[in-house]
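The structure under discussion appears below in the form of structure tokens.
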Amino acid sequence: MSILSGVIGIYSKNRKDASQMAYYGLYALQHRGQASTGIAVNNNGFVDYHKGLGLVNEVFSRDAIDRLIGNIAIGHIRYASHRENKGLSIAEPLAVGYKKGALALSMDGSIVNAKELRDKLEDSGVIFQSNLDSEVIANLIARHHRNGLEDAVIKAIDEIKGSYSIVIMSSDKLIGVRDPYGLKPLALGSIKDGYIMASETCAFDTIGAEFIRDIEPGEMVAIDERGVTTVRLKSANKSHCLFEYIYLARPDSRMDGRSVYRARIEAGRQLYRESPVEGDIVIGAPDSGIVSAIGYAEESKIPYREGLIKNRYVGRTFIEPTQEQREQGVRIKLNALKENINNKRVILVDDSIVRGTTIKRIIEILRKAGAKEVHVRISSPPVTKPCYLGVDTPREDNLMAHNMSVEEIRKSIGADSLCYLSLEGLIKAAGGENEFCTGCFTGKYPV
Ligand code: SF4
């Protein structure tokens with residue numbers, strides 16, 4: 001199993017500190033997961049790695065980074081799934097030895113036919129050490145080793161179905177592959193004497209890399225001392241994950257030619273056009289509701305104010321596995337700014353309602369701080385279906401909008417009014433028709 005993650009790959013011609021750049025890049029990708037992280041480097045044909053459970057600053061010490069010497073590095077950040085075991089076996093990169101030497105691999109995504117492929121491999125005697133989809137892919141690559149790494153990757157990719165952005169490192173190459181739908185993001189950039197690939201462009205900015213372009217859906221990019229070569233592997237209708245634009249990605253990232261920030265501002269503006277309401281202030285639910293709240297305020301001319309102060313040292317709340325922990329998580333994480341909230345009609349903008357735990361607590365906090373009314377506006381349509389494509393949304397029966405009407409949700413969370421952005425409105429805000437996966441809103445998945 002694999003789920004939401006962040007990946008990074010660095011290729012430098014001469015520098016031996018590729019791991020340092022990967023480390024800073026992973027910091028920028030931390031929002032894509034807090035469960036585990038790791039870096040693998042190519043050290044003269046050997047793969048060294050360090051990985052562990054927790055945040056980047058918890059897993060890596062100065063010594064750990066200094067020990068990872070090499071000119072090629074890949075890194076990984078993983079989100080905690082409520083379905084996964086939480087042992088070290090979930091941590092990537094995965095480092096393996098095969099006939100042609102050493103290989104390391106990191107992946108963001110989910111392979112929908114992983115079980116079938118794993119069964120086949122096990123029938124032929126392959127032993128697995130984890131339940132990671134990456135291990136299935138590593139084994140497929142090892143099987144097809146005869147004509148070199150690129151050919152092996154092409155053959156492995158031909159067998160897998162699903163959503164993925166994969167970075168692979170061998171003793172002399174860095175390879176990046178994106179799924180044919182472009183469900184998962186992967187961008188290519190340049191550093192002083194080499195290249196970088198990462199799930200989001202915010203990782204480029206952190207290390208002063210220049211954005212070159214998005215890796216195309218179904219494209220494989222291979223980098224070695226000769227430079228960059230690219231192969232189109234599979235093509236399909238583009239289906240970028242719409243959830244990246246409203247929740248997952250950092251607003252300072254660009255994906256597939258679009259600014260995530262601009263998409264969120266537009267979603268907020270469109271939300272006001274579709275669902276205006278009278279109020280005294282607009283506030284955003286930290287963090288991913290804030291940009292859309294600014295858009296809503298701009299369009300409505302109602303002032304945007306800070307209403308909720310977040311304790312920055314606590315992770316995302318729906319990461320913790322139990323309901324009780326999640327509820328506890330919200331209480332330690334947010335506080336209302338009474339000076340702005342007291343005696344006001346508050347318009348609260350959030351990006352989505354999944355289980356409903358967080359928004360319910362936020363409304364309670366706002367009322368306790370003296371809000372006269374709380375009107376909730378959501379900058380996406382109701383999430384009614386789970387994601388099978390690498391984003392760890394809960395099962396259908398835990399999704400609030402799967403089980404309840406909008407009015408029932410409004411009552412349950414204690415809002416004075418509740419409106420969602422339409423799917424058409426969200427697609428328009430994200431800036432492209434027929435280019436998005438809408439599975440968790442419509443139940444129609446590209447794979
Ligand atoms: S189902 Fe939803 S979360 Fe999953 S890939 Fe599609 S849009 Fe993204």
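FYI, it's all coordinate maths here, none of it is from the lab. Quantities reported herein were computed from a predicted structural model and do not represent experimental measurements. Positions of Cβ are generated from backbone atoms using ideal geometry, with glycine treated the same way; all protein chains shown enter the neighbour counts.
Here are a few things to note about the model shown:
- Helix 133-143 vs. the chain, principal-axis angle (Cα, 0 to 90°, nearest 10): 20 degrees
- 3J(HN,Hα) along segment 151-165: 4, 5, 5, 4, 5, 5, 5, 4, 8, 9, 10, x, 10, 6, 10 Hz, from the Karplus curve 6.51 cos²θ - 1.76 cosθ + 1.60 with θ = phi - 60°, whole Hz, x for Gly and Pro.
- The base-10 log of I(q)/I(0) for segment 251-442, evaluated at q = 0.09, 0.10, 0.13, 0.19 Å⁻¹, reads -0.30, -0.38, -0.66, -1.47 [Debye formula, identical scatterers on Cα atoms, solvent excluded].
- To the nearest ten degrees, helix 357-368 and the longest principal axis of the Cα atoms of the chain are 40 degrees apart.
- Remark: relative contact order (the chain) = 14 percent; criterion is Cα-Cα distance under 8 angstrom and separation of 6 or more residues.
- Principal-axis tilt of helix 290-300 within the chain, Cα atoms, nearest 10 degrees: 40 degrees
- Packing here is the average count of other Cβ atoms within 10 Å per residue, and on that basis the peptides 275-285, 229-239, highest first, run 275-285, 229-239.
- Evaluated at q = 0.12, 0.15 Å⁻¹: base-10 log I(q)/I(0), Debye formula over Cα of segment 178-250: -0.35, -0.53
- Geometric descriptor of segment 1-133, per residue, is 106 Å³ (volume of the convex hull of the Cα atoms).
- Cα-based values for the chain, radius of gyration first and Dmax second, are 22.1, 72 Å.
- The chain: calculated mean residue ellipticity at 222 nm from DSSP helix runs of at least 4, using -39500 (n - 2.57): -8500 deg cm²/dmol
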